[in-house]
Every structure is written in structure tokens, then in C-alpha cells.
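Notes follow once the structure below has been shown.
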Amino acid sequence: MADIFSKKKRSEIMSRIRSKWSSHEKLAHNYLKSRKVKHKMHPNILGRPDILLKDTNTLLFLDGCFWHKCPKCFKKPKNNKAYWDWKIKYNIEKDRKNRRKLKKMGYVVVSFWEHEFSKKNFNLTKKKILNLSRVGS
């Protein structure tokens, strides 16, 4: 099935996708802030983690289901397949390498999927995040 948008419109839509302050990042930030958990959003660290939990040296990556190929939600694009196959494969490999290096540097590395921040799943996700902020405290 062909894209329902023109190339120009699709480009405009895709250009609005930002790498920082997505809706799930805002939810996590507000939750941590409300619990007075010391954290830094978007620290300048290898791999560009979304959140650093300062007291536990834990890095949180809040991965988009499309961009990082969630096994539960990912739907393969029907257009420009070669590009998207390469792009998503590259993202996954880069994530794997960076997270391995971060662990060697002494960080605890935890990933969450975008769908874990839905209304249905967020209560469980909040508990996981709060537990991570308390480890070693």
C-alpha cells in the first residue's frame, strides 16, 4: 500500500519527531520529580541516554517502538524498505555497542519501550523506575 501522504507532507511529519522531550520522557521526568528522585534528563554521556539516576549511577533509555524495533509493536514500513531496514538495523547495533561500553564504565543500563508508558502499562513502569532509583540507597 502506498503512503497516504505526499513526499513533502511525509517529510514535514517526520521532521517534527524530536530526539528529546518526547511524551514518555516527560511522563518519566514528572514522575521522578514528584518523588524527589535526583535525576538528569539527557545527560551528555555516550549513547545519549534519556535519564541518569544520579544516586544509583543508572542510565535509562526510553526507546521508541519504531526506531528501535520493539518485538511487540514494530511494524515494518512498506515504502523505502531498503533505507528503513538499514536505518533500524543500524540503530539496534549502535544501541548494543553503546550499552555494552556503558556497562564496562560502571553504569547500570536499563531500557524501556515506548509502549510501557501507555496508560495501561504506566503503573508497572513507574514501580520499576522507582525501584531503580532506590537500588543501593
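Quick note: the coordinates plus some simple rules give every number you see, no bench work behind them. This structure is a prediction, so every number in the text was calculated from the model and none was measured. Note: ideal-geometry Cβ built from the backbone for every residue, glycine included; neighbour counts use all protein chains shown.
A few notes on this one:
- Spin-label proximity, S6 to the stretch 50-87 - amide N less than 20 Å from point 7 Å beyond Cα toward beta carbon: 79-80
- One decimal place: the segment K20-R96 gains 25.3 nm when fully extended, by the rule 0.36 nm per residue minus the C-alpha distance.
- Dipole size of the stretch 20-134 about its Cα centre, with +1 on Lys/Arg Cβ and -1 on Asp/Glu Cβ: approximately 120 debye, rounded to the nearest 20.
- Over the stretch 20-134, the fraction of Cα-Cα pairs per 5 Å bin, rounded to whole percents and listed from the shortest bin up, is 2, 11, 21, 22, 20, 13, 7, 3, 1, 0.
- Whichever aspartates and glutamates have a C-alpha closer than 13 Å to that of K26, once near sequence neighbours (fewer than 8 apart) are set aside: D50, E114
- Spin-label zone in the stretch 1-32 - amide nitrogen under 12 Å from a point set 7 Å from the Cα of L130 along the C-beta vector: 31-32
- Degrees, to the nearest 10: 122-134 long Cα axis against longest axis of the chain: 40 degrees
- Degrees separating the helix 23-34 axis from the principal Cα axis of the chain, which is the longest one: 10 degrees
- Summary value for the stretch 20-134: 28 percent relative contact order, contacts being C-alpha pairs under 8 angstrom separated by 6+ residues.
- For the stretch 98-117 and the stretch 42-72, distance of Cα centres in Å: 6 Å
- By DSSP, the beta bridges lying fully in the chain are antiparallel in about 50 percent of cases.
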